[in-house]
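Heads up, the thing below is written out as structure tokens.
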Amino acid sequence: MKNLAPAIFPPSGIGDAKPANQTVLDWVNEIATLAEPENIFWCDGSDRENEFLIAESLKQNVLINLNQKKVPNSHLHRSDPNDVARVEQFTFVCTPTKEEAGPTNNWSEPGETYTKLRGLLKGAMGGRTMFVIPYIMGPPDSPLTKVGFEITDSKYVVLNMRIMTRMGEIAVKRLGNDPNAEWNRGVHSLLDVNPERRFICHFPQDNTIISVGSGYGGNVLLSKKCLALRIGSYLARKQGWLAEHMLILGVESPEGKKHYVAAAFPSACGKTNFAMLIPPEHFKGWKVTTVGDDIAWMQVRDGRLYAINPENGYFGVVPGTSYKSNPNAMRSISHDTLYTNVALTDDDDVWWEGKDGDPPAHAIDWRGNDWTPNSKEKAAHPNSRFTTPMLNNPALDSDVEKGGGVPISAIIFGGRRSDTVPLVFQAFDWTNGVYLGATMASETTAAATGAVGKVRRDPMAMLPFCGYNIGDYFQHWLDIRNRLTNSPRIFSVNWFRKGVDGKFLWPGFGENMRVLKWIIDRCEESGGALKSPIGWLPGPHDLDLAELDIDHKCVAELLCIDHEEWQKEITEHKQFFDSLGGVVPEELLEQREELVARFKQ
Ligand code: GTP
Ligand code: SPV
Ligand code: MN
């Protein structure tokens with residue numbers, strides 16, 4: 001490596017989100033001097049570049065060819081079996097003080113962390129190519145759009161980023177020449193994909209992310225959870241907007257009246273499926289369109305909340321996806337798609353648990369081993385994923401590129417709860433809705449490593465993604481209210497309540513339209529509801545269940561508020577707030593008192 005700028009690491013801009021006078025070139029040279037790659041490759045996002053990278057990836061077994069007749073322009077990637085999900089225990093928020101990261105984040109001191117990472121990155125790209133990916137998050141003409149650069153030594157990352165973001169020249173143009181322009185620095189290196197040397201570190205004050213030792217999903221596609229949520233939420237608070245783990249959908253009545261809804265569900269709890277919902281026959285003429293399936297950036301304008309989807313593609317859960325559960329997703333992933341950790345059939349097609357039709361008699365599982373329907377192991381990893389451009393989605397909303405965003409009528413919080421939480425209810429007001437979001441809980445899933453099925457509090461589905469003190473985050477949500485004159489109504493949903501037989505009581509998927517319809521009715525102040533201690537609950541006849549084959553008893557169970565379960569729930573709210581060590585805003589503590597009082601009335 002010749003003619004490179006001297007290494008300056010950590011960057012000089014500590015304490016300021018701007019990359020103080022450090023140009024992108026300086027920074028790239030600095031990382032190159034440290035990591036010593038064989039080549040530097042500036043990505044432009046062109047088709048030619050994509051073809052080249054795919055050809056190289058096939059040669060190096062980073063990608064596996066698929067049957068181009070069955071899934072045109074699509075490929076399979078198998079990750080290291082030790083590297084199949086986000087690693088929350090190795091994810092750090094490195095603010096100058098521990099207090100800024102708050103009680104829900106792993107914190108490590110920025111100076112020490114830079115030194116440690118610098119040590120790990122030293123010579124780490126020897127013999128490899130270092131890719132520099134310029135990208136933007138958000139539509140090209142949006143005031144909310146952010147510029148990021150990701151350096152990576154993984155072709156798989158480049159191929160994913162090309163689908164997930166608007167990549168290449170567009171970002172360089174947007175950045176312009178202003179040395180004070182705001183842009184995000186992301187550094188990623190696979191190292192030797194060793195879980196003991198796997199760290200996902202965020203430096204919000206420096207607008208910097210450094211991720212090492214993983215090659216999977218949210219750990220390495222730095223645009224997504226790292227920039228759009230962790231760094232994004234930090235910037236959002238500072239700049240007065242919201243960065244949320246939310247899908248955005250449009251819902252249009254047969255008369256042509258349209259609403260937009262944003263919904264926060266934790267990982268693998270139904271965002272992509274809800275965002276692509278196809279209404280059942282009974283709702284003929286109703287149309288649901290997708291703006292985003294995972295992340296919403298929202299700003300207040302003229303007293304209303306407007307949302308954009310910063311992403312350009314979907315990194316979605318594969319297992320369970322079928323023409324029955326999600327036809328729009330199936331169509332989206334039928335071409336031009338990158339599959340990660342699904343099974344490969346003998347005719348080079350992809351397969352996973354829950355796909356339509358019979359399982360293949362033989363396949364190669366996600367680890368590369370022989371598999372038959374008698375095998376004990378799953379053929380596709382439970383967190384296997386597709387990466388597909390949003391343009392593939394037949395239900396893509398026509399305003400997805402609108403820089404000003406779409407106006408949000410309702411915000412929904414939802415988790416995976418076998419018990420306690422009814423199918424749907426509405427918060428009394430904004431503050432009550434913030435309480436509802438702050439206390440939501442969900443059973444853990446395969447999207448992150450660790451136990452699955454354990455109920456944990458996951459405020460606003462942001463527990464793993466809030467890049468600063470959660471108490472300040474709650475306060476930020478409360479404060480937004482003061483700027484809203486036409487505020488979205490706030491709701492809770494739970495598709496996952498189970499009966500005594502252990503089966504889901506609610507059919508879910510397309511039938512969720514019935515719940516969505518009630519939510520829209522409530523926004524238009526036409527839907528009926530009963531006042532309950534936890535909020536406005538639909539009465540038995542307020543939900544349109546016509547032509548749905550469901551037992552009345554199931555409906556009653558779905559909508560039931562069991563006082564014993566709720567006493568336990570409210571106790572857990574207190575335990576959760578207590579566990580945060582005094583950062584919870586007074587208003588939310590009062591909300592809890594009021595909830596307790598309503599149960600005593
Ligand atoms: P991330 O991409 O991790 O953020 O996940 P997500 O929130 O987008 O979840 P997704 O829509 O991919 O669904 C995750 C799992 O939940 C899949 O296995 C789905 O089949 C299942 N699921 C989604 N919607 C429903 C529903 O309405 N009812 C039931 N029972 N399962 C659902
Ligand atoms: C999630 O876990 O919420 C995801 C998948 O959307 S990942 O990008 O791996 O974080
Ligand atoms: Mn997600």
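Observations, loosely collected:
- Cα long-axis angle, helix 513-523 against the chain (0 to 90 degrees, to the nearest 10): 80 degrees
- Degrees between helix 155-164 axis and first principal axis of the chain (Cα, 0 to 90, nearest 10): 40 degrees
- Proportion of all alpha-carbon pairs of the chain beyond 41 Å (%): 22 percent
- Angle in degrees between helix 47-59 and the longest Cα principal axis of the chain, rounded to the nearest 10: 80 degrees
- Whether segment 213-315 is rounded, prolate or oblate, judged on the alpha carbon gyration tensor where a/c under 1.5 counts as rounded: oblate
- Pairs spanning more than 27 Å between alpha-carbon atoms, out of Lys98/Lys271; Lys378/Lys454; Lys498/Lys568; Lys378/Lys568: Lys98/Lys271; Lys378/Lys568.
- Farthest toward positive dipole pole in the chain [+1 Lys/Arg, -1 Asp/Glu at C-beta], among Gly405, Cys94, Leu484: Cys94
- Mean separation of Cα contacts under 8 Å, 6 or more apart, over the residue count of segment 35-110: relative contact order %: 15 percent
- Segment 506-594: C-alpha gyration tensor shape, a/c 1.5 cut-off, then a/b vs b/c: prolate
- Rounded if a/c under 1.5, otherwise prolate or oblate - segment 345-384, Cα gyration tensor axes: rounded
- The lysines within cross-link reach of Lys287, meaning a Cα-to-Cα straight distance under 16 Å and a gap of 8 or more places when in the same chain, are Lys257, Lys258, Lys517.
- Just so you know, the averaged projected area of the alpha carbon convex hull for segment 455-542 sits at 8.4 nm².
- Ranking of Arg86, Arg128 by count of other Cβ atoms within 10 Å, fewest first: Arg128, Arg86
- Estimated inter-spin distance, Glu252 and Asp47, nm [label 7 Å along Cα→Cβ]: 2.9 nm
- When each of the peptides 267-278, 589-600, 217-228, 466-477 is scored by how many other beta carbons lie within 10 Å of its residues on average, the order from highest to lowest is 217-228, 267-278, 466-477, 589-600.
- Ranked by how many other beta carbons lie within 10 Å on average, peptides 419-431, 203-215 from highest: 203-215, 419-431
- Computed from the C-beta positions of Asp562 and Asn369 and an R0 of 45 Å, the FRET efficiency is 0.50 to the nearest 0.05.
FYI, it's all coordinate maths here, none of it is from the lab. Note that this is a predicted model, so its numbers are computed, not measured. So basically every Cβ, Gly included, is an ideal-geometry build from the backbone, and we count neighbours across all protein chains shown.
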